[in-house]
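What follows is a short report on a single structure.
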Amino acid sequence: MKKLLPIFLIIVIAGSAMSLPEKDMWALFGKTRFVEKLNREFGMYFLYPKFPDELKALDGKEVSVTGFYIPLEMNTSNIAVISKFPNAECFFCGGAGPESVVVGYLKKRPSKRIKTDEIVTIKGKLKLNDSDLEELNFIIQDAELTY
(Lines give C-alpha, C1' and ligand atoms only; values in the text may rest on other atoms or scores of the structure.)
Protein backbone atom coordinates (compact mmCIF):
# COMPACT_ATOMS: atom_id res chain seq x y z
CA MET A 1 0.00 0.00 0.00
CA LYS A 2 2.83 2.41 0.87
CA LYS A 3 4.41 1.75 -2.54
CA LEU A 4 1.16 2.64 -4.35
CA LEU A 5 0.68 6.00 -2.59
CA PRO A 6 3.58 7.80 -4.38
CA ILE A 7 2.42 6.44 -7.75
CA PHE A 8 -1.15 7.56 -7.05
CA LEU A 9 0.05 11.07 -6.07
CA ILE A 10 2.10 11.37 -9.25
CA ILE A 11 -0.90 10.38 -11.37
CA VAL A 12 -3.17 12.90 -9.60
CA ILE A 13 -0.65 15.74 -9.89
CA ALA A 14 0.13 14.97 -13.54
CA GLY A 15 -3.58 14.75 -14.36
CA SER A 16 -4.37 18.10 -12.79
CA ALA A 17 -1.43 19.74 -14.54
CA MET A 18 -2.65 18.42 -17.89
CA SER A 19 -6.18 19.82 -17.54
CA LEU A 20 -6.77 22.92 -19.61
CA PRO A 21 -6.92 26.20 -17.69
CA GLU A 22 -10.20 28.11 -17.89
CA LYS A 23 -10.06 30.93 -20.42
CA ASP A 24 -9.87 34.45 -19.05
CA MET A 25 -12.97 35.77 -20.77
CA TRP A 26 -12.41 39.34 -19.58
CA ALA A 27 -9.02 39.35 -21.31
CA LEU A 28 -10.63 38.04 -24.51
CA PHE A 29 -13.46 40.58 -24.30
CA GLY A 30 -10.79 43.26 -23.81
CA LYS A 31 -9.23 42.40 -27.17
CA THR A 32 -12.41 43.57 -28.90
CA ARG A 33 -11.94 46.82 -30.75
CA PHE A 34 -14.77 49.31 -31.17
CA VAL A 35 -15.32 51.45 -34.24
CA GLU A 36 -17.55 54.50 -34.16
CA LYS A 37 -20.10 54.41 -36.98
CA LEU A 38 -23.12 56.45 -37.91
CA ASN A 39 -26.40 54.62 -37.38
CA ARG A 40 -28.79 56.15 -39.92
CA GLU A 41 -31.89 54.83 -38.13
CA PHE A 42 -31.07 56.80 -34.98
CA GLY A 43 -29.06 59.56 -36.66
CA MET A 44 -26.28 59.08 -34.11
CA TYR A 45 -22.82 57.57 -33.85
CA PHE A 46 -22.45 54.31 -31.94
CA LEU A 47 -19.55 52.03 -31.09
CA TYR A 48 -19.65 48.77 -33.05
CA PRO A 49 -17.44 45.87 -32.00
CA LYS A 50 -14.77 44.15 -34.09
CA PHE A 51 -14.33 40.80 -32.34
CA PRO A 52 -10.92 39.10 -32.44
CA ASP A 53 -10.74 35.69 -34.14
CA GLU A 54 -10.00 33.86 -30.89
CA LEU A 55 -13.24 35.24 -29.42
CA LYS A 56 -15.21 34.46 -32.59
CA ALA A 57 -14.04 30.86 -32.21
CA LEU A 58 -15.92 30.69 -28.89
CA ASP A 59 -19.20 32.02 -30.32
CA GLY A 60 -21.88 29.41 -29.62
CA LYS A 61 -19.66 27.49 -27.21
CA GLU A 62 -20.00 27.15 -23.45
CA VAL A 63 -17.97 29.67 -21.46
CA SER A 64 -17.75 30.79 -17.86
CA VAL A 65 -17.35 34.38 -16.64
CA THR A 66 -16.79 35.53 -13.05
CA GLY A 67 -17.46 39.11 -12.07
CA PHE A 68 -19.43 41.62 -10.05
CA TYR A 69 -23.22 41.39 -10.09
CA ILE A 70 -24.87 44.57 -11.35
CA PRO A 71 -28.55 44.90 -10.35
CA LEU A 72 -31.24 45.83 -12.83
CA GLU A 73 -34.65 47.34 -12.19
CA MET A 74 -36.09 43.91 -12.97
CA ASN A 75 -34.02 42.21 -10.25
CA THR A 76 -36.32 39.18 -10.03
CA SER A 77 -36.10 38.40 -13.73
CA ASN A 78 -34.07 35.79 -15.56
CA ILE A 79 -31.49 38.36 -16.59
CA ALA A 80 -28.14 38.85 -14.87
CA VAL A 81 -25.55 41.49 -15.75
CA ILE A 82 -21.98 40.79 -14.70
CA SER A 83 -19.20 43.37 -14.77
CA LYS A 84 -15.44 43.10 -14.68
CA PHE A 85 -15.50 46.04 -12.27
CA PRO A 86 -17.58 46.94 -9.18
CA ASN A 87 -20.78 48.91 -9.72
CA ALA A 88 -19.18 52.32 -9.12
CA GLU A 89 -16.63 51.68 -11.88
CA CYS A 90 -18.75 49.67 -14.32
CA PHE A 91 -19.76 50.52 -17.87
CA PHE A 92 -23.13 51.93 -16.79
CA CYS A 93 -22.06 53.98 -13.76
CA GLY A 94 -18.33 54.53 -14.15
CA GLY A 95 -15.93 55.01 -17.01
CA ALA A 96 -15.42 51.42 -18.14
CA GLY A 97 -15.97 50.34 -21.72
CA PRO A 98 -18.53 47.99 -23.28
CA GLU A 99 -16.00 45.14 -23.17
CA SER A 100 -16.37 45.04 -19.39
CA VAL A 101 -20.00 43.85 -19.14
CA VAL A 102 -21.83 40.68 -20.09
CA VAL A 103 -25.52 39.85 -19.89
CA GLY A 104 -26.75 36.39 -19.03
CA TYR A 105 -30.16 35.02 -19.91
CA LEU A 106 -30.71 32.52 -17.12
CA LYS A 107 -32.46 29.18 -17.45
CA LYS A 108 -34.14 29.91 -14.12
CA ARG A 109 -34.37 32.80 -11.70
CA PRO A 110 -31.72 33.09 -8.99
CA SER A 111 -32.59 31.06 -5.89
CA LYS A 112 -31.65 33.97 -3.63
CA ARG A 113 -31.46 37.74 -3.78
CA ILE A 114 -28.06 38.74 -5.12
CA LYS A 115 -26.43 41.85 -3.68
CA THR A 116 -24.81 44.58 -5.73
CA ASP A 117 -21.13 43.79 -6.34
CA GLU A 118 -21.49 40.23 -5.11
CA ILE A 119 -19.00 38.11 -7.04
CA VAL A 120 -20.78 35.49 -9.12
CA THR A 121 -19.98 33.17 -12.00
CA ILE A 122 -22.19 32.79 -15.02
CA LYS A 123 -21.87 29.81 -17.33
CA GLY A 124 -23.59 29.20 -20.66
CA LYS A 125 -23.33 29.59 -24.44
CA LEU A 126 -21.57 32.70 -25.67
CA LYS A 127 -23.31 34.84 -28.26
CA LEU A 128 -21.45 37.77 -29.80
CA ASN A 129 -23.58 40.75 -30.80
CA ASP A 130 -22.22 43.25 -33.30
CA SER A 131 -25.43 44.84 -34.58
CA ASP A 132 -28.34 44.94 -32.10
CA LEU A 133 -28.04 48.27 -30.29
CA GLU A 134 -30.62 47.22 -27.69
CA GLU A 135 -28.38 44.38 -26.47
CA LEU A 136 -24.93 44.16 -24.92
CA ASN A 137 -22.09 42.90 -27.11
CA PHE A 138 -21.40 39.81 -24.98
CA ILE A 139 -24.36 37.57 -24.21
CA ILE A 140 -24.48 34.30 -22.29
CA GLN A 141 -27.52 32.20 -23.27
CA ASP A 142 -29.01 29.23 -21.40
CA ALA A 143 -27.03 30.54 -18.46
CA GLU A 144 -26.56 29.23 -14.96
CA LEU A 145 -25.50 31.48 -12.11
CA THR A 146 -23.36 30.36 -9.18
CA TYR A 147 -22.50 32.37 -6.11
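Kindly report the accessible area of the range 15-147 per residue (heavy atoms of protein chains, probe 1.4 Å, no ligands, DNA or RNA), in Å².
Result: 62 Å² of accessible area for each residue.
For a test of the definition: using alpha carbon positions, the gyration tensor, and the 1.5 limit on a/c, classify the range 75-147 as rounded, prolate or oblate. Show your work: numbers first, answer last.
Values: a/c = 1.94, a/b = 1.11, b/c = 1.74.
Cα axes put the range 75-147 in the oblate bin.
Rounded, prolate or oblate: which fits the range 22-69 when a ≥ b ≥ c are the square roots of the eigenvalues of the alpha-carbon gyration tensor, with rounded for a/c under 1.5 and prolate only if a/b beats b/c?
Prolate, because a/c is 1.5 or more and a/b exceeds b/c.
Considering only protein heavy atoms, with the full assembly of protein chains and a 1.4 angstrom probe, order Ser64, Ser131, Ser111 by accessible area, largest first.
Ser111, Ser131, Ser64
The values are calculated or read from the model by the stated rules, or taken from the named source; none is laboratory data. What you see is a predicted model; the values in this text were computed from it and never measured. Note: areas computed on protein heavy atoms with side chains; ligands, DNA, RNA excluded. Shrake-Rupley method; radii C 1.70, N 1.55, O 1.52, S 1.80 Å.
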